[in-house]
Amino acid sequence: MPVVTLTINDELVSALDGELLLKVIREQGVKLPTLCHLDGLSERGGCRLCMVEVEGIHRLQSACTTAAREGMVVRTHTDRLVSYRKMILELLFAERNHVCAVCVMNRHCELQDVAAKAGVDHVRYDYLATGLPMDTSHERFGLDQNRCILCGRCQRVCDEVEGAHTWDVMGRGAGSRVITDLNHPWGESRSCTSCGKCVQVCPTGALFNKGVTVSEMEKEPEFLTRILEGREKKQWSR
Amino acid sequence: MRVADLKTMAEQESAALAVFRARLLVCYSAPCLAAGADAVREALEKEVAGRGLAADVQLVSTGCLGPCSRGPMVTVSQPGQADAVYEKVTPETAVAILDHHASQGPPADGFRMSPENPFLTRQMRVALANCGLIDPERIEDYIARGGYGGLAHALHELDPSEVCFEIKHSGLRGRGGGGYPTGLKWNLVRKAPGAKKYVVANGDEGDPGAYMDRTLMESDPHRVLEGMAIAGYAVGAEQGFIYVRGEYPVAAQRLDKAIKAAERLGLLGSRVLESNFNFRIDIRIGAGAFVCGEETALMASIMGLRGQPVPRPPYPAQKGLWGCPTLINNVETFGNVPDIVSKGSDWYAASGTPKCRGTKVFALCGQVENTGLVEVPMGMTLREIVYDLGGGIPGGRAFKAVQTGGPSGGCIPASHLDTPVDYEGLQQLGSIMGSGGFIVMDDRSCMVDVARFFMEFCLDESCGKCVPCRAGTVQMHRILTRITQGKAGPDDLEKLEALCEMVRDSSLCGLGQAAPNPVLSTLRWFRDEYEAHIHEKRCPAGVCRLTPSEGGER
Amino acid sequence: MPEAEAPARKRIATAWLGGCSGCHMSFLDLDLRLIDLLAAADLVFSPIADIKAFPEGVDLTLVEGAVANEENLELAHRIRANSRIVASFGDCAVTGNVTSLRNHLPVEELLTGLYKAGSGSVPRSGEGAEILPELLPRVLPLHQVIAVDAFIPGCPPDPDRIWAAVTALLDGRPVPSVEGERTFG
Amino acid sequence: MSIETPTPESHPGGDPRYKLVDRALKRFQYRQDALIEVLHLSQETFGYLGEALLTYVARALKLPPSHVYGVATFYHFFTLKPKGEHNCIVCMGTACYVKRAGEVVEALEGEFGVKAGHTTEDGKLSVSIARCLGNCSLAPLLVVDGEVLGHETPESTLAKVRAAVGKEQAE
């Protein structure tokens, strides 16, 4: 792969041709928020938080799906981008029922963390108060649809890493919901191997271990890269 | 079939038609059927049989002729004479028409559409050239009018790069609304490396108020197939898919029949017209998702997945169906191709404007005297379309706006009626050409309510993959609903505009990016209506039921 | 913090709408800093002081709790009309938080389920209508009811966060935007 | 529910309609990307996509059940519940909307006590909304039991739907 030179926030940077912008940008020490992206999974481009301005391209591009090219001029933190990111996060908070004070992931939640970093201190949009169901039928794990941001990580890890494809998404638009099998209770799933990868990669309190209460649920951020790299290198100790 | 056979067939077919003293073409499309075209045809059949005229008079059920509000339509075609078009035909007047043309009875002028009617004279029909004039279920009818001549010419006279050049030189641009130069796209796919390539016709016409693709697929299916085959030859694809909107079962049936007929004659399938070119076309039926009009979502749907778009690049031309280079064009775009190839790109490029060559089909609807399908050269003004072809606003009411481009488009006010219609012209006004929906609104339409209607459409059709579109449309819709209910606060307008901009700039695909358009364009031209709702709790058009509430309840 | 010899003493207020009073508890946890605060400002209205009506001309009002009923709504409007700076104080005011967890239930169902059919000893249907303020159909964060100038998230905000916010606001500065102090919950 | 891979011979409950589904599966050579086509034909045969049917299709195409469910619920054409004996589709395309199709929907909802998109409790009538049926010159437009009706008003619609539903009751 040939090396290309591009400009990120006025600095010249070299990268491999076709390398994903997100990686190149983060290697520069520039912090770009992401929620649907997770190292080790396929890219989705759905949360739009990592969008950047690329000179000459009218639309904003999600850095996680855009390839680095020779001569690209990229900006990551213009006023517009900063304010859009904030709006998107507020939309997520308003969409479902993210009541941090009574959430198992309070203080360990990626959504909460990204929002705090983006400067969200209140939400300007109507809370939709959807009152979605919970599924605690699985013997070890629970699902709270109210905390789900539809990032698709559970679905991807289950399909791409575990190979079970228990998870998918039903419906569409604001009515989308993650499901197991034919929208059956998780505990009755025939395809689920109970491996728990989905729980580990879920950025919010939507998937959690049963038995934890407020603020008690902690996930291992490096979980996925650890097992994937371990598999690659045949090194399994932590 | 060889090229010579095609010519022979066309000649024989024309000769066979020439023996009829009169051909009565009964429009058998849905609006005419709903208006009683069935009874008209029955009456004519009975009369023709009763009078023993079967050898002199031919009855043909055709696809849509265009002036849909005036049905049932009957066109009489006689050798050596201009076609006579009759409107609002009843079984009784049908008999009078037959009397006049087949038995030299008195003229049935009262029901005849004036040959000078702008609806007939101001059109330039390329894609719709055969609509309403042929039996869409007979391939012979299409061939008699020169059908598959473009394909024959391309296969035997041109090499693929020359075909791409012709299309490029014609100036044809994507008729699905994007306006991307078609020849350029074809060349990209032609040059893209890949052993396997695909051609896709996008017939997932989802814009409410638009039905040109349906008409074309139902009334002249072979034209679309021929366009696709030419494209297949030009880009090096052997497989085509035509994605038909699920709401259009008749179109799918006709296309299916047409594909079989073309395969029987060797016009599709292996060794097309005895060349080395093989081309198969399969139909894929949509299942009710507007987002599938977006090309990457459409491809997902063809591959049996949820119709969710993926970020571009890579574009389908590089990486499309099953990872192979894929050419996607709208049905109407393909409808222009056969004539460009057979008549030459110069002929096509002679019409339209310098930037936008050729013609565009519009579905003229709403508060306008003549509703129906029209095909006009690019550059005709909105006023000409509304007042000359459309016959103006019924009931002497005032024109307020024309909505173009459906849920991705916008509303254009009276002050800009003299704008020539082309991609850039409409874009400058904050609307888009889109697939060709053209909805006229009079003073009884509330622009805020129209914006709310389109937002409801978009939130319903959002695929849910990206946050700005999935959650943003919901919030924009809530604000618009508050405004139309008289419950909006003073900061709501600002909040709405900010959301519109964010969703436009940040959404993953065209659906989300364009979803704010109806709001932004109405805010641009009709801001006073928004303000009247918010500050005076009043709907100027008298549409919204405003019930202002005290306090903070929402 | 203005010095004691500042020309005019600031008038501050705290109010308690639909919330658990935890934010006020945290406010009391300012401990000795409360003395500093009261040296510079008068507390002119608060659930921790016995003042019946919300006064006029308040410089800063901290509002705990979400807007859950008619009484909250009325007070919120009165606060806005009489305060120069209004701050949403704690998550219930900022987001609706726990108070708003009832929002997916219709009010009627809620009252029936809890009181009429429930085992509580609170007023049943009909009785007490005049002493119980009418519930709003949905609990709203304060800024969806009145304009709010500053936000102090937290459930409850810890005393340091409160102190930083209050001193800044009294000084005419914005609430310090420290990442770790923006989290809800 | 059996967990063996279905073969054309092992139709659940011996329901002969599965033969038609098998025919569709064969026609598409059990290709996974033909899922939508197979669902179309399955719904045509059964009227709706019930759980047993979805399971059957998933196994035949060797697809994860959640994927099949995800696809079936993504597209508005597919219905997972049986439809009413009669159905009335009101077009709410722009042309129809501008010509006040909303009032027609309200009238239907009021008269038959059913929200658009649902079926009456007695299973007699389904009312649904279409996103433009492409017959805009007939606006406002409805389809009652397959019959296209144009230029409707709330009154004319109610009369027609009453007649359609009432016919059944009289018989």
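The values are calculated or read from the model by the stated rules, or taken from the named source; none is laboratory data. Note that the coordinates shown come from a computational prediction; the quantities given were computed from them, not determined experimentally. We place every Cβ from the backbone using ideal geometry, glycine too, and count neighbours over all the protein chains shown. Just the protein is used for accessible areas: all its heavy atoms, side chains included, with ligands, DNA and RNA removed. Shrake-Rupley method; radii C 1.70, N 1.55, O 1.52, S 1.80 Å.
Kindly check whether there is at least one residue in region A:86-93 that is touching a Ser or Thr at 6+ places or on another chain (Cβ under 6 Å), not hydroxyl-bearing (Ser, Thr, Tyr) and not assigned by TED's automatic domain parsing to the domain that holds A:Val157. The answer is no, given that none of the residues of region A:86-93 is touching a Ser or Thr at 6+ places or on another chain (Cβ under 6 Å), not hydroxyl-bearing (Ser, Thr, Tyr) and not assigned by TED's automatic domain parsing to the domain that holds A:Val157. Taken over region B:278-293, the residue count meeting the criterion of being buried (at least 21 other Cβ atoms within 10 Å of the Cβ), modelled with pLDDT of 95 or more and more than 9 Å from every other protein chain (Cβ to nearest Cβ) is 2.
From the list D:Leu80, D:Leu49, D:Leu63, D:Leu41, the lone residue that is free of Cβ contacts under 8 Å to residues at least 24 places away in the same chain and more than 7 Å from every other protein chain (Cβ to nearest Cβ) is D:Leu41.
Being surrounded by fewer than 22 Cβ atoms within 10 Å (Cβ to Cβ), of a type in the set (Gly, Ala, Ser) and part of a loop (DSSP other than H, G, I, E, B) narrows it down to one of C:Ala164, C:Ala147, so name that one. Quick ask: steps written out before the conclusion?
Numbers: C:Ala164 fails: part of a loop (DSSP other than H, G, I, E, B).
Residue meeting the stated conditions: C:Ala147.
In a residue-by-residue description of region B:337-353, the property of being within 30 Å of D:Arg100 (Cβ to Cβ), of a type in the set (Lys, Arg) and away from every other protein chain (no Cβ under 14 Å) applies to no position.
From the residues in region A:169-188 that are of a type in the set (D, E, K, R) and surrounded by fewer than 23 Cβ atoms within 10 Å (Cβ to Cβ), which one is nearest to A:Cys154 (Cα to Cα)? Talk me through it step by step, then tell me what you get.
Applying the first criterion (of a type in the set (D, E, K, R)) to region A:169-188 yields A:172, A:177, A:181, A:188.
Narrowing the set further to residues that are surrounded by fewer than 23 Cβ atoms within 10 Å (Cβ to Cβ) leaves A:177, A:188.
On the way: A:Arg177: 12, A:Glu188: 18 Å.
In this case the residue turns out to be A:Arg177.
Restricting attention to region C:145-181, the residues that are in contact (Cβ under 8 Å) with a residue 60 or more places away in the chain and more than 22 Å from C:Phe27 (Cβ to Cβ) add up to 1. Residues that are basic (Lys, Arg) and either open to solvent by less than 10 Å² (accessible area, probe 1.4 Å) or facing another protein chain (nearest Cβ under 9 Å) (or both) within region A:51-81 comprise A:Arg59, A:Arg80, listed in sequence order.
With the structure loaded, tell me whether C:Val94 is within 14 Å of chain A (Cβ to nearest Cβ), open to solvent by 60 Å² or more (accessible area, probe 1.4 Å) and outside any strand (DSSP E or B) or whether it fails that test. Walk me through how you get there before you give the answer.
On the way: within 14 Å of chain A (Cβ to nearest Cβ): yes; open to solvent by 60 Å² or more (accessible area, probe 1.4 Å): no; outside any strand (DSSP E or B): yes.
Taking the combined requirement at face value, the residue does not satisfy it.
Within region B:38-53, residues that are of a type in the set (Gly, Ala, Ser) sit with their Cβ atoms under 9 Å from residues that are open to solvent by 70 Å² or more (accessible area, probe 1.4 Å), at 6+ positions apart or across chains, in these pairs: B:Ala43/B:Glu92.
Summed over region A:85-114, residues that are surrounded by fewer than 24 Cβ atoms within 10 Å (Cβ to Cβ), facing another protein chain (nearest Cβ under 9 Å) and outside any helix (DSSP H, G or I) total 2.
The residue list A:Arg147, A:Arg172 contains one member that is within 11 Å of chain D (Cβ to nearest Cβ) and in contact with a Cys (Cβ under 8 Å, 6 or more places away or on another chain), which is A:Arg172.
Based on this model, can you work out whether B:Leu267 counts as open to solvent by less than 20 Å² (accessible area, probe 1.4 Å), in a loop (DSSP other than H, G, I, E, B) and touching a residue at least 12 places away in the same chain (Cβ under 8 Å)? Walk me through it before giving the result.
Values: open to solvent by less than 20 Å² (accessible area, probe 1.4 Å): yes; in a loop (DSSP other than H, G, I, E, B): yes; touching a residue at least 12 places away in the same chain (Cβ under 8 Å): yes.
Here the answer is yes, as B:Leu267 does meet what is asked.
Somewhere in region B:410-428, is a residue on the phi < 0 side of the Ramachandran plot, touching a Gly at 6+ places or on another chain (Cβ under 8 Å), facing chain D (nearest Cβ under 10 Å) and part of a loop (DSSP other than H, G, I, E, B)? No; the residues of region B:410-428 include none that is on the phi < 0 side of the Ramachandran plot, touching a Gly at 6+ places or on another chain (Cβ under 8 Å), facing chain D (nearest Cβ under 10 Å) and part of a loop (DSSP other than H, G, I, E, B).
When B:Leu389 is tested against (1) surrounded by fewer than 23 Cβ atoms within 10 Å (Cβ to Cβ); (2) within 18 Å of B:Ser69 (Cα to Cα); (3) touching a Pro at 6+ places or on another chain (Cβ under 6 Å), exactly one condition is not met: (1).
Here's the yes/no breakdown for (1) more than 14 Å from chain A (Cβ to nearest Cβ); (2) open to solvent by less than 10 Å² (accessible area, probe 1.4 Å); (3) at pLDDT 95 or above; (4) at negative phi:
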residue	(1), (2), (3), (4)
B:Gly366	yes, yes, no, no
B:Gly436	yes, yes, no, no
B:Arg452	yes, no, yes, yes
B:Gly464	no, yes, yes, no
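Mind checking whether some residue in region C:65-73 is within 14 Å of another protein chain (Cβ to nearest Cβ), open to solvent by 30 Å² or more (accessible area, probe 1.4 Å), out of contact with any strand residue (DSSP E or B) (no Cβ under 9 Å at 6 or more places or on another chain) and of a type outside the set (A, V, I, L, M)? Let's see the steps before the verdict.
Filtering region C:65-73 for residues within 14 Å of another protein chain (Cβ to nearest Cβ) gives C:65-73.
Cutting the leftovers down to open to solvent by 30 Å² or more (accessible area, probe 1.4 Å) gives us C:70-71.
In the following step, the residues that additionally are out of contact with any strand residue (DSSP E or B) (no Cβ under 9 Å at 6 or more places or on another chain) were identified as C:71.
Right, trim to of a type outside the set (A, V, I, L, M) and you get C:71.
Yes - at least one qualifying residue is present in region C:65-73.
Taking region D:147-156 as the range and being among the β-branched types (Val, Ile, Thr) and either at the interface with chain B (Cβ under 8 Å from one of its Cβ atoms) or closer than 18 Å to B:Cys68 by Cβ (or both) as the test, only D:Val148 passes. Tell me whether region A:115-130 contains one or more residues that are among the acidic types (Asp, Glu), surrounded by fewer than 17 Cβ atoms within 10 Å (Cβ to Cβ) and out of contact with any Leu (no Cβ under 8 Å at 6 or more places or on another chain). Among the residues of region A:115-130, not one is among the acidic types (Asp, Glu), surrounded by fewer than 17 Cβ atoms within 10 Å (Cβ to Cβ) and out of contact with any Leu (no Cβ under 8 Å at 6 or more places or on another chain), which makes the answer no.
Go through region D:26-38 and count every residue that is facing another protein chain (nearest Cβ under 9 Å) and either open to solvent by 10 Å² or more (accessible area, probe 1.4 Å) or touching a strand residue (DSSP E or B) at 6+ places or on another chain (Cβ under 6 Å) (or both). So that I can check it myself, show each step before the final result.
Of region D:26-38, the ones facing another protein chain (nearest Cβ under 9 Å) are D:31-38.
Within this subset, residues satisfying the condition of being either open to solvent by 10 Å² or more (accessible area, probe 1.4 Å) or touching a strand residue (DSSP E or B) at 6+ places or on another chain (Cβ under 6 Å) (or both) are D:31-33, D:37.
The qualifying residues number 4.
When the residues of region C:74-89 are filtered to those that are assigned to a strand (DSSP E or B) and not hydroxyl-bearing (Ser, Thr, Tyr), the one that is surrounded by the most Cβ atoms within 10 Å (Cβ to Cβ) is C:Phe89. Give the residue that is most open to solvent (accessible area, probe 1.4 Å), with candidates limited to residues of region B:478-493 that are part of a helix (DSSP H, G or I) and at the interface with another protein chain (Cβ under 10 Å from one of its Cβ atoms). So the residue we want is B:Arg478.
Kindly establish whether B:Gly176 is at pLDDT 95 or above, open to solvent by 10 Å² or more (accessible area, probe 1.4 Å) and either assigned by TED's automatic domain parsing to the domain that holds B:Asp460 or small (Gly, Ala, Ser) (or both).
No: the conditions fail for B:Gly176.
Results for (1) surrounded by fewer than 17 Cβ atoms within 10 Å (Cβ to Cβ); (2) free of Cβ contacts under 8 Å to residues at least 12 places away in the same chain; (3) over 24 Å from B:Gln78 (Cβ atoms); (4) in the same structural domain as B:Val89 (by TED's automatic domain parsing), shown as yes or no for each residue.
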site	(1), (2), (3), (4)
B:Ala108	no, no, no, yes
B:Thr121	yes, yes, no, no
B:Val126	no, no, yes, no
B:Ala129	no, no, no, no
B:Asp135	no, no, no, no
B:Asp141	no, no, no, no
B:Ala152	no, no, yes, no
B:Asp159	yes, yes, yes, no
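Kindly indicate whether any position in region A:123-134 is within 12 Å of chain C (Cβ to nearest Cβ), without any contact (Cβ under 8 Å) to a residue 24 or more places away in the chain and not in a helix (DSSP H, G or I). Yes, there is a match, as at least one residue in region A:123-134 is within 12 Å of chain C (Cβ to nearest Cβ), without any contact (Cβ under 8 Å) to a residue 24 or more places away in the chain and not in a helix (DSSP H, G or I).
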